[in-house]
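In what follows, a single structure is set out as structure tokens and then discussed.
The values are calculated or read from the model by the stated rules, or taken from the named source; none is laboratory data. Quick caveat, the model's predicted, so the values are computed rather than measured. Every residue, glycine among them, receives a Cβ derived from its backbone with ideal geometry; neighbour counts consider all protein chains shown. Calculation scope for accessible area: heavy atoms of the full protein, side chains included, ligands and nucleic acids excluded. Shrake-Rupley method; radii C 1.70, N 1.55, O 1.52, S 1.80 Å.
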Amino acid sequence: MAYDGTALHGWARQRSVRTVQADLELALSTVLRHDVDLTVAGRTDAGVHATGQVAHLDLPEPVWAEHAGRLLRRLRGTLPPDVAVTAAAPAPPGFDARFAALARHYAYRLTDAVAGPPPLRRWDTVGWPRRLDVPAMRVAAALLLGHHDFAAFCRHREGATTIRVLQALDVVRDGDGAGDVVTVSASADAFCHSMVRSLVGALLAVGEGRRGPEWPAGLLARTSRSDEVPVAPAHGLTLLAVDYPPDDQLAARTEVTRARRDA
């Protein structure tokens, strides 16, 4: 799935406001003439975009057989223009969009150009008012990699763990390094609530020179959310892709992830 999160209040269903889940479930149930309940790979916050979101749902085989050939076309005519289903297929045994995932990949896009973001990219590019020291941000990012408790960077959710494996975190300028667009790329087995935007916020503090490169990693010793960490604006963040293991390893991956989250 792909969506422009500008007018959407995040993934999860809520009363009286538009969300990705609500729009998709309404469109799917209308087209399929069958109630659906989506399980998503990663819940995105209000204003966050996606180009490679993944979800699964359970359907009787006759319903799928009846609608498979025309599902994408009919969804295109039913969904609002800021939400799209780009592919649909039967899932292999053991697949779970959330618990079978190996990694989620995000990109945060911003510009420190004096003129601000290009008008055609204003919905997914944050305009930053000060020039950023990208090399210092890269040093700080490298110190955060690995298996840690990221409680300082996560909004509290009752019963939810904040231990994650941050597989990649990098900061680059476009082109030859002299461009005005800065992209923060982040990959992890999973991200807790607001973790990516908080990581970006901490790196921005380093890029502005307000904090040293060692400061973000120093927060990993904390066991609760740090008020010192700013949360970067939502509209710069896009979920790019979700990775899954080979089909014969899906069930095992799901069991391991569920056990880890429960623990």
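Quick rundown of the values:
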| quantity | calculated |
| --- | --- |
| Trypsin sites (Lys or Arg not before Pro) lying in DSSP loop within region 129-184, provided at most 16 other Cβ fall within 10 Å | Arg130, Arg131, Arg155, Arg157 |
| Probe 1.4 Å, protein heavy atoms only - accessible area per residue of region 61-208 in square angstrom | 49 Å² |
| In region 196-233, trypsin sites (Lys or Arg not before Pro) in a DSSP loop with at most 16 other beta-carbon atoms within 10 Å | Arg210, Arg222 |
| For Ser187, net neighbour charge (Lys/Arg +1, Asp/Glu -1) across residues whose Cβ lies under 13 Å away | -1 |
| Proximal charge balance of Arg74 [Cβ under 13 Å; K/R count +1, D/E count -1] | +3 |
| DSSP-defined beta bridges in the chain - what % are antiparallel, rounded to 5 | 90 percent |
| Heavy atoms of Trp123: accessible area, 1.4 Å probe, square angstrom to 10 | 130 Å² |
| Longest segment of the chain lacking GluC sites (Glu not before Pro) that sit in a DSSP loop with at most 12 other Cβ atoms within 10 Å | 1-157 |
| Cα centroid separation - region 73-150 against region 227-263, whole Å | 13 Å |
| Heavy-atom accessible surface of region 70-208: percent carbon and sulfur, 1.4 Å | 57 percent |
| Residue of Pro117, Pro90, Pro213 that the Gaussian network model of the chain assigns the largest fluctuation, springs spanning Cα pairs under 10 Å | Pro90 |
| Around Pro93: net Lys/Arg minus Asp/Glu count, Cβ-Cβ under 10 Å | -2 |
